[in-house]
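Shown next, in structure tokens, is the structure this report addresses.
The values are calculated or read from the model by the stated rules, or taken from the named source; none is laboratory data. Because the structure is predicted, anything quoted here is derived from the model rather than measured. Glycine gets a Cβ as well: all are built from the backbone with ideal geometry, and neighbour counts include every protein chain shown. The area values use the complete protein model at the heavy-atom level, side chains included, leaving out ligands, DNA and RNA. Shrake-Rupley method; radii C 1.70, N 1.55, O 1.52, S 1.80 Å.
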Amino acid sequence: MAVNAAPDADTRTARGGGEFLADLSDPTAGRVAMARELASENVRMIADPAPLGLGCFALTTFLLSLFNAGLLPAAGEPIVFGVALAYGGAIQVLAGMWEFRKGNVFGATAFSSYGAFWLSFWAFVTFYAADIPDADDRATVVGWYLISWGIFTVVMWVASLRTTAVLALLFTLLAATFFVLGAGDVAHDEGLTTLGGYLGLVTAAVAWYACLAGVSASTFGRVVLPNPPLYKL
């Protein structure tokens, strides 16, 4: 957000004693969040947390997907757990809390929820997985856990249709990833798990693109990577 700055083709303005430029680089903000930002001086003082949340999500998803796709040996999978706790979990939840402060309901719900997903994933593997001794039973309940998150992702996908194009694509791919991985675990089908791993890699790539689009728009002061909004102010 800039005050008394020259407008350009990539910004929209609201006038009220001065000229304010809405942070259109926020990929998670819809019409209401943009209106709140334009209306509130306090919100304009907060850096956009969306690129941080997207980066947390992308990196952790990328690491786990390498193992699901069979590109890294299963013995190395514990490397994911620390990242799931610290970056994908705790830091992404913080990004969600900052989105609450910005008045962005979608970003707050998404980042807080998926941060909690990674925290719960870490907690299950670390503390509770051993309490399900049968491997098939463990895979089945993990599959339904993933399917449950897929259902939540469909809910968020509907809302994402009024955010930005890249974010809508991200939630489309993420829902597919959850459902395919969940089906693979429930059916004990390694082929579906591998497919889900590759879908996760594509999902991570799209999330990194959205992250870079937001960060580069801030550092360059203009749109570098396109991410068109799916709403009108």
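Residue-level check: of (1) closer than 22 Å to A207 by Cβ; (2) touching a residue at least 60 places away in the same chain (Cβ under 8 Å), A84 misses just (2).
With respect to A116, is the statement that it is closer than 15 Å to L54 by Cβ and assigned to a helix (DSSP H, G or I) true?
Numbers: closer than 15 Å to L54 by Cβ: no; assigned to a helix (DSSP H, G or I): yes.
The answer is no for A116.
Of the set (1) over 19 Å from G115 (Cα atoms); (2) modelled with pLDDT of 60 or more; (3) assigned to a helix (DSSP H, G or I); (4) open to solvent by 30 Å² or more (accessible area, probe 1.4 Å), all apply to A35 but (2). Report yes if G76 is surrounded by fewer than 24 Cβ atoms within 10 Å (Cβ to Cβ), more than 21 Å from T177 (Cα to Cα) and either modelled with pLDDT under 95 or among the basic types (K, R) (or both), otherwise no. Criteria not met by G76.
Residues are listed down the side, and each one gets a yes or a no for (1) small (G, A, S); (2) modelled with pLDDT of 95 or more; (3) assigned to a helix (DSSP H, G or I):
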site: T61; (1), (2), (3): no, yes, yes
site: F67; (1), (2), (3): no, yes, yes
site: V80; (1), (2), (3): no, yes, yes
site: V83; (1), (2), (3): no, yes, yes
site: G89; (1), (2), (3): yes, yes, yes
site: V93; (1), (2), (3): no, yes, yes
site: R101; (1), (2), (3): no, no, yes
site: A108; (1), (2), (3): yes, yes, yes
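Only one of the listed residues (L52, L72) is out of contact with any Gly (no Cβ under 8 Å at 6 or more places or on another chain) and in a loop (DSSP other than H, G, I, E, B). That residue is L72.
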